[in-house]
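All remarks here apply to the structure that follows.
The values are calculated or read from the model by the stated rules, or taken from the named source; none is laboratory data. All values reported here derive from a predicted model rather than from experimental measurement. Cβ: placed from backbone, ideal geometry, glycine included. Neighbour counts: every protein chain shown.
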Amino acid sequence: MVILIVLLAVVFIAWSIYNNKKESAALLEKEKTTAYFKDHPEEKVENDYHLTYRFGKYLTGHPDINTSQLADIRVARDRIEVISSDGDYGENILATIPILQVKSSKVEDRSTVESRITATRLVALGVFAFAAKKTEKHPDYYLVIEWSDGKFDFETIFEYFIPEANELANTVSNAIIRRCREQSQ
């Protein structure tokens, strides 16, 4: 019995060390990205064809994009384009979402997005879930676009963590909602 308790303690300590290293790497990535944003002021390009919003980070949820990366969002009349922010602005469309397939567009803060995984965390960690580090409310905001291609449902998520993150994510969400309303008329 003592060996089992020692073994569980060792596993928990190893898991904690691994988790702290992962959080440190994520914090470093965030600091680099924030520095980039400070050097490149917010840009919104608007004309009668499209609205382009810069300084978001694609996280997950689109079947055509496999990695999280900095991305701009172009809201055109009939589609949403996810554009690479690697210097070829406007040249590299990573993915599209047809406006007519959008079910909803909403803004959520970090704690709301992370709270979705609480049950999974409890199942995975068991009693250790209560000892694991709890998430705090952060000023990061997420744009969540729910859409369907007719066969599968998707939640495509973008992160905004510049000082005006809530305002920018809300502006992009409202632009998507306006385009959806225009297309449904």
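Checked against (1) at pLDDT below 75; (2) under 30 Å from ARG178 (Cβ atoms), LEU70 meets all criteria but (1). Total residues in the stretch 164-185 satisfying the condition of being modelled with pLDDT under 85 and exposed (fewer than 13 other Cβ atoms within 10 Å of the Cβ): the figure is 2. With respect to (1) under 15 Å from VAL75 (Cα atoms); (2) modelled with pLDDT of 90 or more, the lone exception for PHE154 is condition (1). Screening PRO63 against (1) part of a strand (DSSP E or B); (2) at pLDDT 90 or above leaves a single unmet condition, (1).
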